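The values are calculated or read from the model by the stated rules, or taken from the named source; none is laboratory data. None of the values given here were measured: they were computed from a predicted structure. Here the Cβ positions follow ideal geometry from the backbone for every residue, glycine too, while neighbour counts run over all protein chains shown.
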């Protein structure tokens, strides 16, 4: 009914909307995605200004305050707004500094598996003979072993630590990027523009990286966003098992591992770091979902 | 159909070889001398070292060592644990039913809640219920389960005192193992207290492990149902006057279930990964707990054998899902 009363507005701009503008209009229509973006921006700001915002040092221990509850509980003080852990470190400061590690872990994991995945996937797509088959079989083997188990194995070989944890999680996600790239490459290779470029004398590397790759990016961006969230959880799980970041690093998973034995005595040392992981990952997944809907033409409204 | 089965069967051979290569290299890539780890703090003379090197075949070329390892694996010999000196295959066999019991219950929990939730959300699209299911599902999907398990312990074991914190059954019950599943064995024993104890021990780990599959199944069912509900044959079914319940429950659900079943099958691998964390939190005596202990004690043969066995189990499960899928969906079977 309302539509009849409104004047008909014709599209007046001459040019069609750019993909970026179209994407933004889709993105901003979705409250979940905007919420995810806002939360992630806050987390990025917290990470940048962690030293300024934190009331205390994340690793300094305070002898007068072991397992102090948050300020709203009986016995809590505003000096330690979210309480302290078993050796008197300020929970709020540790959680704020933890944002740095989580963002770092998510970014590095994605960077490693995306870069390697593109190179290996392009190779498998362009050289579909023995090389391609070998690569894909290797990826199948990696996929057969459950992600976390494989990550544990790799860390067991390389030794526990934050760097090795990130490398192992990146290896776990590698097959997804390889498969996506290869499938997209094979789809693109049949198209005329590739043939035209080849006839023009473009070398294989040029064909791979300059001609074909830019047209395969959409699914890779989606996978990268989702891997960012998953990488944070998996690296935290390794930290929880004592294989990731080592104490006293204020990494959220490692904080959970440290405080496990106090689970029945001090709920805040367990609840808060996990909540931080959940919020970060949830924000990432909210954005990833919308990116997938926006960039995957099959699902487009 | 036979040809389909045959191609799928031959495809798992390279995968199996890949897994054995990985587990073989795992032990060889570990820094440090395996014999010195074996000897422990007592140390070892150079002559004895050379002798042992020869005895264990460690002085032979790598590919020969791999072939020997492969021979042992094919005969079911996965070596001995460095700590308990028990055969690894026996330890695995003893602990595996606990992991299967936990994983199956978690999957059952996820399916029983996730399917109806997804169906109702699709039928009542954009309702409060739909948004609620999708919100909870996204949260569940983003949940670090090692934290979720601890939260459940804080709430149900500590604050409410409803369930025990860890283990499979209270120590006073000694149940004769028949199936290896304590829930079934305790029911068979006729001891109601034992059954209740087993059940109360199982509930929290089951929820912790089942949460992510629950979220995935609810989302998948909803989107699959939405797709199917828009099809022409659903409109036809409605037009000829079938009751809405019949249209949704029979015509739509049957077709919507195919992708959901695939997802459930493919989720088995992730369940094992989740079981490692869940078993660690709840001290559940399964293979996940065993593996983590093995890592902490640097018991590399346990890690090697455990990864090989779990990888093989998942390989077989994936193959079965593949074959089953080919059975219910002829289009897959005839595709080359």
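Side notes on the structure shown:
- Criterion applied to A:211, A:254, A:204 was being closer than 26 Å to residue B:166 by Cβ and more than 9 Å from chain B (Cβ to nearest Cβ), and the one residue passing it is A:254.
- Of all residues making up the range B:281-295, the number that are part of a helix (DSSP H, G or I) and either more than 14 Å from residue A:260 (Cβ to Cβ) or more than 10 Å from every other protein chain (Cβ to nearest Cβ) (or both): 9
- Selection within the range B:145-165 - more than 11 Å from chain A (Cβ to nearest Cβ) and touching a helix residue (DSSP H, G or I) at 6+ places or on another chain (Cβ under 7 Å): B:156, B:162, B:163, B:164
- For the range B:260-280, a residue qualifies if it is at the interface with chain A (Cβ under 8 Å from one of its Cβ atoms) and either free of Cβ contacts under 8 Å to residues at least 60 places away in the same chain or more than 14 Å from residue B:106 (Cα to Cα) (or both), and the qualifying residues are B:269, B:270, B:273, B:276, B:280.
- The range B:71-82 residues that are closer than 13 Å to residue B:299 by Cα, paired with ones that are assigned to a loop (DSSP other than H, G, I, E, B) (beta carbon under 7 Å, 6 or more apart): B:80/B:86; B:81/B:299; B:82/B:299
- Qualifying residues in the range A:273-291 (those that are more than 7 Å from every other protein chain (Cβ to nearest Cβ) and at pLDDT 90 or above) - the one nearest to residue A:44 (Cα to Cα): A:280
- Search result, residues across the range B:131-151 that are free of Cβ contacts under 8 Å to residues at least 24 places away in the same chain and assigned to a helix (DSSP H, G or I): B:131, B:132, B:135, B:147, B:151
- Candidates B:114, B:118, B:140, filtered to the one that is within 14 Å of chain A (Cβ to nearest Cβ) and either touching a helix residue (DSSP H, G or I) at 6+ places or on another chain (Cβ under 6 Å) or at pLDDT 90 or above (or both): B:140
- Sole exception among (1) surrounded by fewer than 21 Cβ atoms within 10 Å (Cβ to Cβ); (2) under 23 Å from residue A:40 (Cα atoms); (3) more than 14 Å from chain B (Cβ to nearest Cβ) for residue A:226, by number: (3)
- First in the range A:66-89 and outside any loop (DSSP other than H, G, I, E, B), second anywhere and loosely packed, with under 15 Cβ neighbours inside 10 Å, Cβ under 9 Å, 6 or more apart: A:84/A:66
- Some residue of the range A:113-133 being surrounded by 19 or more Cβ atoms within 10 Å (Cβ to Cβ), more than 19 Å from the chain's Cα centre (by Cα) and within 12 Å of chain B (Cβ to nearest Cβ): no
- Helices (runs of 4 or more DSSP H) enclosed by the range A:142-238 - at least 1 residues per element that are touching a residue at least 40 places away in the same chain (Cβ under 8 Å) and more than 29 Å from residue B:12 (Cα to Cα): A:162-189
- Wholly within the range B:172-247, helices (runs of 4 or more DSSP H) carrying at least 2 residues that are touching a helix residue (DSSP H, G or I) at 6+ places or on another chain (Cβ under 8 Å) and farther than 30 Å from residue B:156 by Cβ: B:192-229, B:232-239
- Among (1) part of a helix (DSSP H, G or I); (2) crowded, with 21+ Cβ neighbours inside 10 Å; (3) within 14 Å of chain B (Cβ to nearest Cβ) - the single one residue A:243 does not satisfy: (1)
- Qualifying residue in the range A:258-265 (condition: in contact with a helix residue (DSSP H, G or I) (Cβ under 8 Å, 6 or more places away or on another chain), under 22 Å from residue A:121 (Cα atoms) and more than 10 Å from chain B (Cβ to nearest Cβ)): no
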